[in-house]
Every structure is written in structure tokens, then in C-alpha cells.
Amino acid sequence: MRFNKLLLIFFIFSVGTRVSAQTWVVPDDQKGVVASFKFTPDMQKQGEQIYVKNCQSCHGQMGKDNWAKLTPPPGDLSKEKAQVQTDGELFYRITAGKVPMPEFRNILAEDDRWWVIAYIRSFNPKYVQPNPVAKAAFTGRIVTLAMQYSDPMKKIVVSATEQLKEGQTGPAAGVEVMLYVKRYFGSMQVGDIKTTNAKGEVMFEFPADLPGNKDGFVEVTARVNDPKSVMKTTPANAALAIGAKTDKPSLTDTRAWWSVRSQAPIWILLTYTLSVIIVWGFILYIVYSIMKIRKLSKG
Amino acid sequence: MTMDENKLTFDKITADLTHHIRINKGFLLWMGFLTVSLLVCLYAYSLQLRNGLGVAGIRDYVTWGMYLANFVFFVAASLIGMLISAVLGLIGMKWLTPITRIAETIAVAFAAVAGLVIVSDMGRPERLAYVFLYGRPQSPILWDVTVITTYFVLSLLLLFLPLIADMAIIHRKVPTLPSWLKPVYKFLSLNFTNHPEQNKIINRSIRILLILLIPAALSIHTVTSWLFAVTSRAGWDSTVFGPYFVSGAFVAGSAAVIIAMFFFRKNYKLENYLTDMHFNNMGKVLATVSLVYLYFNINEFLVPGYKLKHADAIHLQELFAGKDAILFWIVQLGGLIIPILFLLFRRFRNPMPLMLISAAVMIAAWFKRYLIVVPTQEHPFLPIQHVPQNFVHYTPTLIETLITIAPFILVLIIITLISKFFPVIPLHETAVEKGVDHVKFD
């Protein structure tokens with residue numbers, strides 16, 4: 001037994017050192033990153049809402065040390081371990097994540113992430129925000145998409161406009177556009193990537209048999225294909241009545257194997273309930289008989 | 001026979017079967033050892049409760065590790081009560097009388113602990129009641145907890161009913177019974193006076209229980225197999241999984257009974273009651289159920305092996321010649337084929353060699369469950385992307401191992417307590433069978 005305990009102690013020790021050895025290094029060039037604006041009480045309030053939705057389930061309520069029991073422990077962010085880090089380190093960790101901490105790169109906008117940091121810092125009275133550094137002016141193309149359905153052509157027309165100098169706008173030619181339609185588990189691409197013409201326009205054929213909701217509506221999104229993120233783009237969304245009208249009951253509307261409890265098939269309910277009642281009926285009968293044994297001794 | 005001779009024989013049987021009912025040094029030492037071992041394992045469990053299931057080796061690929069293999073094993077071992085008492089007993093095999101209580105004790109101990117084993121796999125054990133509160137009647141998980149609870153209660157009643165008469169005898173005639181236990185035995189013996197009506201109720205109740213036990217026992221292990229077989233994963237997607245599990249359960253259970261018989265006979269000096277004939281016959285039972293299990297094994301591997309659907313091919317390759325091959329062949333040869341060959345010979349059905357064979361079968365039976373549960377999960381149909389390496393291959397941790405050992409210690413504690421404070425061999429029944437049931441109760 002002593003040997004077992006020794007082994008156990010050894011094991012706990014080895015796990016402990018292994019976890020601490022997996023340090024999470026923030027790249028040097030990220031440590032000095034600062035926000036582009038001064039934190040305000042308003043931002044802290046916004047940050048709190050984002051924190052409650054996205055962070056609290058693991059890190060717990062700020063200052064209450066009630067973080068989730070995970071390995072490695074998430075820790076309370078109001079405490080020293082988090083507060084000694086630079087804003088850049090916090091921003092990098094939120095942005096990049098590291099299992100089991102999720103990455104928020106695509107979940108929270110950049111400003112949202114800074115607001116969360118503003119909220120976290122509000123628990124540190126000694127914190128002084130480093131001077132904000134304005135982001136370098138953007139020099140790439142700024143493209144906005146719009147979409148409409150052309151009934152006579154039976155096509156979706158996407159038009160791209162871009163900002164020109166001195167607040168003017170004009171058609172954006174040579175922009176790659178992708179069309180998506182919302183499906184049950186995500187978005188499905190419709191057709192291939194197409195490039196806008198000199199008028200900034202591109203047309204997509206939409207399959208007539210694609211199922212929509214019961215009124216035939218489908219949610220369509222047009223996005224700019226910009227894998228290297230060299231542009232600032234705004235997608236276009238629209239709900240268009242161009243799908244096939246479909247009125248299928250939800251999978252959990254009818255009684256079935258796979259459905260929720262209240263939609264269990266009758267025959268399963270009957271078989272299960274009857275089996276339980278019959279067998280436990282006999283069991284109760286036997287227990288009752290056993291009670292009778294005691295009374296019979298007088299006879 | 002004169003009254004005197006009868007009285008003498010009855011007293012002799014009583015003395016033979018109850019002389020071990022006392023608290024002695026050996027018992028205290030053994031229980032002390034078990035308790036300390038259990039505490040070490042419970043400490044490991046407290047670490048899991050505090051830090052979560054991450055302390056075990058189970059990850060997103062293999063979510064059912066040793067805990068689930070352990071669960072299947074415990075349900076399997078408990079099935080033997082049904083085979084010995086119900087199937088063979090109802091057929092009318094008289095030689096079984098001295099073995100029935102051993103089989104029932106094993107059934108009760110393993111069934112009671114099986115429920116706890118499943119809790120060891122729960123990250124939030126305090127939500128156990130949710131299975132009943134929110135369980136779906138369509139789910140085999142709800143069926144499983146229902147039938148295991150039912151089987152445990154049936155087995156407990158089946159253990160208790162023949163004990164009523166025995167306890168009536170013990171609290172009157174066994175001087176070594178600790179005095180504080182006397183009122184308990186008196187109460188539990190329900191004023192049994194060998195009244196014909198009382199015997200009639202007991203016999204009828206036992207008969208009902210034996211009949212109910214057969215479908216209940218078949219259900220628990222069939223439903224346990226469905227937890228796997230209702231998925232379409234390679235290695236689990238099988239229509240023979242029910243009988244495959246049930247026959248495998250009889251193998252593990254028979255081996256457990258033989259091991260228990262061997263140690264009770266030696267420690268409690270029961271050589272006149274658990275004779276070589278009983279071991280010989282149990283050896284034949286073990287050989288028979290092993291042959292049936294071998295038959296299902298051939299079905300389970302040959303048919304998918306012939307078709308070699310893509311996922312099955314990967315799975316079988318790993319078992320036959322890949323990562324799990326060494327364990328697989330040790331289990332199949334050492335736990336099934338070689339034991340069958342040995343058991344064909346009379347001399348290997350003597351107590352000592354039979355116990356050794358049973359021990360090998362029992363150990364192989366546990367690893368067999370491991371091979372059923374784990375390898376399938378290492379080959380998911382849709383591999384997860386960007387996972388850490390330790391998600392892909394399952395390696396049990398020490399904490400997990402200790403938590404897996406804990407139920408075995410619990411089973412030993414339950415079996416020790418039952419066998420220590422009650423006759424291992426049904427006392428009243430043996431007396432009746434030997435024709436000396438003129439027991440007078442005052």
C-alpha cells in the first residue's frame with residue numbers, strides 16, 4: 001500500500017510539472033501591442049457583457065475564484081497572474097487561444113476583444129493604460145456589396161461599389177465574389193467564384209429546386225473573396241423568395257426513436273412501462289409474501 | 001433412523017457449515033487490508049472529482065476507456081447467478097445446491113457495484129438521478145439502468161429467501177455468532193419455525209424469482225451490448241452482440257464461481273460439501289460456455305473479416321496484426337482456446353488446476369472487454385482536426401487505474417462479508433436434501 005501511495009505521489013508530481021512545463025509563450029512582437037483607443041467606463045460595461053457570454057463559463061465571475069475545474073485551471077482574471085501581463089499578451093491569448101482555451105479570432109471583433117480587456121483591467125486599481133497607438137491608415141480597397149434578384153433574367157445580381165478619393169464612390173471592377181445560401185448546419189456555396197465586370201456587377205444563376213422555407217424564402221449572402229485580407233469588405237445579405245417551397249415537419253415533431261422524450265413511440269412506452277410494472281409487481285408480491293412468513297409462526 | 005442419529009447429523013452439518021461465522025484475527029486483517037486499499041483508490045477518485053475526468057486518459061476520441069470496460073466486465077460477472085440458479089437449477093440439477101449461494105453472492109456483489117462503476121465514468125456524478133428524471137424511453141441507457149436495478153433486487157431477494165431458514169438456525173445454534181448480531185439475525189429470520197406454510201411461501205417465491213431472473217439477466221447484458229451495437233462503428237456494428245456478450249458473461253461468471261469455490265473450500269474447510277465432483281462439473285460448465293463463446297467469437301470476426309468493409313478492415317487489422325495484436329492474441333488464446341483444450345481432460349478439472357485456469361480466464365475476460373470498448377474508438381469515421389497527440393491514442397493513467405481497481409476491492413468486501421456471516425452453502429436446504437430436516441424450533 002505504501003508503494004501505491006508513493007506511486008500516486010510520484011504521479012501527481014509528474015503531472016504537476018508537466019502542466020507547468022507546457023508554458024504558453026506570447027511572441028515578442030505581440031507583447032507590446034496596445035489598444036488604438038482609450039478605455040472608457042462604457043467600454044468596460046460592453047466588455048462585461050461580452051465576458052459574461054464568452055468567458056465566464058470557464059473563468060468564473062471576476063474576483064470570486066469560482067472558475068471551472070479544468071486542467072490546466074483557467075484561473076480568475078482579476079488576480080495577479082492575469083494582471084501582471086501586458087495588454088498585448090492578454091489580447092494575443094484571447095485572439096489565438098490554446099487548447100482548451102478557444103481562439104476568439106473569428107468569434108469576437110477586434111474592438112470587442114479590447115473591451116473585454118478594458119473590463120478585466122477595471123478590477124486592477126493599479127492599472128494605467130499605455131498610450132493608445134492609432135492604427136496606420138488603411139490604403140487598400142474598401143468594397144461594399146449589394147444584391148438583388150432579377151426576375152426577368154432569373155438571376156441574382158451582385159453589384160460591388162468601392163470608395164474612391166474624397167468620399168466619392170464608384171463601381172468596383174475585378175472583385176472576386178462568392179455566393180452562399182444558408183443551410184441547416186452552415187452555409188453552402190452556390191456556383192463558382194465570379195469576378196465583377198467594369199460596371200462592378202456579377203450574376204449568379206440560382207437553382208430553382210433548392211429548398212427554402214414554407215414560403216420559399218432562402219437566406220443568401222454575397223461575400224468578397226479576399227483570402228489575404230487586403231481589402232475592407234462588407235457582405236450583402238438578403239432573404240429572397242426564390243427557393244422551392246418546403247413545409248417538412250421538424251424531425252422531433254413526430255413520434256420516433258430519435259425524437260425527444262415526449263415524442264417516444266407509443267409501442268416503446270407501452271413495452272417499457274408494462275415490463276417494469278409486471279416485473280416489479282412480482283417483486284412487490286414477493287416482498288408482501290415475505291411479510292406473511294412472520295405472521296405464520298404463530299399458527 | 002432414530003431421532004438421536006438425526007439430531008447428530010443435523011448438528012454436524014450445522015457445525016460444518018457455520019464454524020467460520022465468527023470474528024477472528026485473519027478476518028480483521030483481511031478486511032483491514034481491503035479497507036486501506038479501498039481508501040487509497042477513493043483518494044484517487046477524490047482527485048478525479050476535484051479536477052475532472054481530465055485526470056483519466058480518456059479524451060475526445062476514446063471517451064469510453066477502462067471505466068466502461070470495467071462496467072461491461074462487472075455486468076458480465078453478475079450474470080452467473082442466473083445461469084447457475086435459474087437455468088441449471090430449474091432443469092433440476094441437484095448437485096448444484098452447494099454452489100447456488102456462491103453464485104448468488106457473486107451476482108449480488110457484482111450487480112451492486114456495476115452501478116457504481118458507471119458513476120466513475122461520470123464527470124458530474126451528482127447528476128446521476130437525471131437518468132431517471134430526464135431519461136428517454138427510447139434510449140438503451142435508460143433500459144440499462146432499469147434492468148440492472150431490477151436484476152440487483154431480484155438477486156438480492158434470491159440470496160435472502162434461502163437465508164431466512166439458515167438465520168433461524170444460526171441465531172439459535174451457533175455460539176460463535178457475535179452477540180450484537182443475534183437480534184439482527186432473529187429479526188431477519190422472520191420468526192421462521194419450519195412451518196409448512198412458511199416453507200411453501202419461500203419455495204413459491206424462489207420459483208417466481210428464478211423464472212423472472214432469466215429474462216432480467218438476459219436483458220441486462222443484451223442491453224449493455226446494445227449500448228455499443230446500436231451505433232454503426234466498426235467492431236460494434238454487429239447483430240450478434242447480444243448473445244456474444246451473454247455467452248462471454250457466462251464464461252467470466254463460471255470462472256468467478258470456481259475461484260470462489262476454491263477459496264471457500266480451503267479457508268472454511270468445506271471439502272465434504274464442495275467435492276471434486278463439484279469442481280469437475282463446474283469445469284464442464286466452463287468448457288461448455290467457453291465453446292459457445294468461441295462460436296460467437298468466430299462469427300464476430302470471420303463475417304466482417306470476409307467482407308472487409310473499409311472501416312472493419314482497419315479495425316480488424318489493428319486487432320489481428322496491428323497495435324492491439326499482442327493483447328488480442330493473448331486474450332483469445334490464453335483466455336479461451338487453451339483453457340478449452342485443457343478443460344477437455346479430467347485431471348485439469350481437479351480443484352487446483354481448474355482454479356488456475358479460471359484465474360487466467362477471468363483476467364483475459366477483463367482485457368477482452370477492454371479490446372471490445374477501446375480500439376473501435378481510436379478509428380473514428382470523422383477524425384477531429386488539429387487535436388493534440390494524446391487524443392488519438394488512449395493511454396490509461398495511474399489515477400484511472402486506481403479508480404478501476406476500487407470496484408474489485410468493493411466486490412471482495414461484499415463477498416467477504418456475506419460469506420463470513422452466513423453459511424457459504426445453504427444450510428437448511430442441505431439438511432433437507434440429506435433427509436435430516438426434523439429441525440425443532442422453540
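Relative to the dominant Cα principal axis of chain B, helix B:241-267 is inclined by about 40°. The stretch A:177-205 and the stretch B:20-39 have Cα centres separated by 76 Å.
Relative contact order for chain B: what is it in percent, counting Cα pairs under 8 Å that are at least 6 residues apart?
On the way: 555 pairs, mean separation 144.7, N = 442.
It rounds to 33 percent for chain B.
Entry note, chain A: relative contact order of 12 percent, from Cα contacts under 8 Å with a spacing of 6+ residues. Between B:Leu68, B:Phe279, B:Phe408, the Cα set farthest toward the positive side of the dipole of chain B (charges on each charged residue's Cβ, about the Cα centre) is that of B:Phe279.
Only Cα pairs under 8 Å and at least 6 apart count here; give the relative contact order of the stretch A:27-121 as a rounded whole percent.
Values: 109 pairs, mean separation 34.9, N = 95.
Rounded, it is 37 percent for the stretch A:27-121.
Using 29 Å as the Cα-Cα cut-off, could you pick out the over-long pairs in A:Lys245/B:Lys309; A:Lys53/A:Lys232; B:Lys182/B:Lys269? The partial results should precede the final answer.
On the way: A:Lys245/B:Lys309 39 Å; A:Lys53/A:Lys232 27 Å; B:Lys182/B:Lys269 24 Å.
The answer is A:Lys245/B:Lys309.
Going from the fewest other Cβ atoms within 10 Å to the most, the residues B:Tyr130, B:Tyr151 appear in the order B:Tyr130, B:Tyr151. Counting Lys and Arg as +1 and Asp and Glu as -1 over every other residue whose Cβ lies under 14 Å from the Cβ of B:Leu316, the net charge comes to -2. Averaging the Cα positions of each part gives two centres, and for the stretch A:60-77 and the stretch A:111-132 these lie 19 Å apart. If you look at the Cα atoms of the protein assembly as shown, you get an Rg and a Dmax of 34.9, 126 Å. A Cβ-based charge dipole, computed about the Cα centre of chain A with Lys and Arg at +1 and Asp and Glu at -1, lands at about 1900 debye.
Near B:Pro351: Cβ cut-off under 10 Å, other residues only, Lys/Arg at +1 and Asp/Glu at -1. The net charge is +1. The Stokes-Einstein estimate for the stretch A:27-121, based on a Kirkwood radius over Cα pairs and taken at 4 °C with 1.567 mPa s viscosity, is a diffusion coefficient of 96 µm²/s.
Selection among A:Ala68, A:Ala109, A:Ile94 by position relative to the dipole of the stretch A:27-121 gives A:Ala68 as farthest towards the positive end (Cβ unit charges, Cα centre).
Neighbour counts of other Cβ atoms within 10 Å put B:Phe241, B:Phe110 in the fewest-to-most order B:Phe241, B:Phe110. Each part gets one Cα centre, and for the stretch B:110-156 versus the stretch B:164-233 those centres are 21 Å apart. What you get for the protein assembly as shown, charging only the Cβ of Lys and Arg (+1) and of Asp and Glu (-1), is a dipole of about 1920 debye around the Cα centre.
Principal-axis analysis of the Cα atoms of chain B puts helix B:66-78 at an angle of about 30° to the longest axis. Helix A:87-96 axis versus longest C-alpha principal axis of chain A: approximately 70°, rounded to the nearest ten.
Taking the Cα centre of chain B as the origin, how large is its charge dipole in debye, to the nearest 20, when only Lys and Arg (+1) and Asp and Glu (-1) carry charge on their Cβ atoms? Kindly include the intermediate steps, with their values, before the conclusion.
Values: 34 positive and 24 negative charges, 130 e Å.
The dipole magnitude comes to about 620 debye.
Values quoted throughout were computed directly from the atomic coordinates according to the rules given, and no laboratory measurement underlies them. Keep in mind it's a predicted model, so treat the numbers as computed, not measured. A quick note on method: Cβ atoms are made from the backbone with ideal geometry, for glycine too, and the neighbour counts reach across all protein chains shown.
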